[in-house]
Amino acid sequence: MGNRLAGQTVLVLGGRHLGAAIAEAAADEGAKVHVASHRPGGLHIDLRDEATIAAAAAALGPVDHLVNTAAAPHAVPIRELDRDKTVDAFTAKVIGPLLLAKHFTIRRSLLLFSGQVGWRPARGSVVTGVTNGAAAFAAQHLAAELAPVRVNALSPGIIDSGVWDGKGDGKPDFLANAAQRTLVGRTGTVTDVTDAVLWLLRAEFLTGETIHLEGGRP
């Protein structure tokens, strides 16, 4: 436990997996942390409903840092694309962050989450890829719009955060294969992500950038 964020307020969107870990890490560094989710209970923000964003912003007031981990993946072949799910995917990664920037007073930084699929086109991942790539462009343009507030994006590779638990008995082989595609010979951990997030929240000379946390995957 340290005090690198002492006296600062951090709002994390998304209370599962990485969102929960980021909230805990920020609290351990002395921050006052709020966690928002579209699920019932706690601070309610549904990025599909602008009124919930405006209400939360009015209730919380200014925040020092805002971290958006929301995602709504829609990884299907183009012939199976669902319009509403596609809109949800863009809302989580792009439209939602724009509305957060519209309504919240952010004192120090806004951090968006992208993902490695944005830079690796493949069949069946067009929506996920485009939305993750768009998050990086959103960070660039919001950095200019909100300056001197810093805006960056973090693009993780394969992280053993719990999101892959649905693979069941196939998870170990999946992670092992992913590790072989990195230069460091392993997949990412939750601590890798939280360390990067804490650094980005304090990196006062960095804005408009996307940091690729992928173990040097070519």
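The values are calculated or read from the model by the stated rules, or taken from the named source; none is laboratory data. All figures in this text were calculated on a predicted structure; none of them were measured in a lab. Backbone-built Cβ (ideal geometry, glycine too); neighbour counts: all protein chains shown. Just the protein is used for accessible areas: all its heavy atoms, side chains included, with ligands, DNA and RNA removed. Shrake-Rupley method; radii C 1.70, N 1.55, O 1.52, S 1.80 Å.
Which whole-number percentage describes the relative contact order of the range 40-137, with Cα contacts under 8 Å and a sequence gap of 6 or more? Before the final figure, lay out the partial values.
Working: 138 pairs, mean separation 33.2, N = 98.
Across the range 40-137, relative contact order equals 34 percent.
Using Cα pairs under 8 angstrom and six or more residues apart, how large is the relative contact order of the range 158-218, in percent?
Working: 47 pairs, mean separation 24.5, N = 61.
Dividing the mean separation by the residue count of the range 158-218 yields 40 percent.
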- Note on the structure: In the chain, taking the dipole from +1 charges on Lys and Arg beta carbons and -1 charges on Asp and Glu beta carbons about the Cα centre, the listed residue (Pro148, Thr131, Val33) farthest towards the positive end is Thr131
- Residue-normalised accessible area of the range 9-213, given per residue in Å² at a 1.4 Å probe: 49
- Query: What pairs in Lys32/Lys171; Lys32/Lys85; Lys93/Lys171 have C-alpha atoms more than 30 Å from each other?
  - Reply: Lys32/Lys171; Lys32/Lys85
- Message: Accessible area of the chain with a 1.4 Å probe: how many percent of it is carbon plus sulfur?
- Response: 54
- Query: How far apart, in nm, are the 7 Å Cα→Cβ label points at Lys171 and Ala27?
  - Reply: 2.3
- Query: With the radius of gyration and the Kirkwood radius both derived from the Cα set of the range 1-56, what is their ratio Rg to Rh?
  - Reply: 1.03
- Which one of Gly185, Ala59, Thr105 is farthest out on the positive end of the charge dipole of the range 9-213, using unit charges on Cβ (Lys, Arg +1; Asp, Glu -1) and the Cα centre as origin? Gly185
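Per-residue ellipticity at 222 nm for the chain, helices alone: DSSP H runs ≥ 4 residues times -39500 (n - 2.57), over residue total, nearest 500 deg cm²/dmol?
On the way: 7 runs with 82 residues, N = 218.
Using -39500 (n - 2.57) per qualifying helix, the result is -11500 deg cm²/dmol.
Suppose R0 equals 41 Å. What FRET efficiency, 1/(1 + (r/R0)^6) with r the Cβ-Cβ distance, do Asp84 and Leu183 give to the nearest 0.05?
The computed FRET efficiency comes out at 0.55.
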- Query: Once the mean 1/r over all distinct Cα pairs of the range 9-213 is inverted, what Kirkwood radius in angstroms do you read off?
  - Reply: 17.4
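Based on the inverse mean of 1/r over its pairs of different Cα atoms, what is the Kirkwood hydrodynamic radius of the range 68-166, in Å? Before the final figure, lay out each step's value.
On the way: mean 1/r = 0.0711 Å⁻¹.
With all distinct Cα pairs of the range 68-166 included, I get 14.1 Å.
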- Item | Normalised contact order of the range 60-116, rounded percent, pairs of Cα under 8 Å and 6 or more residues apart | 59
- Note on the structure: Inter-part gap, Cα centre of the range 32-67 to Cα centre of the range 195-216, in whole angstrom, is 23
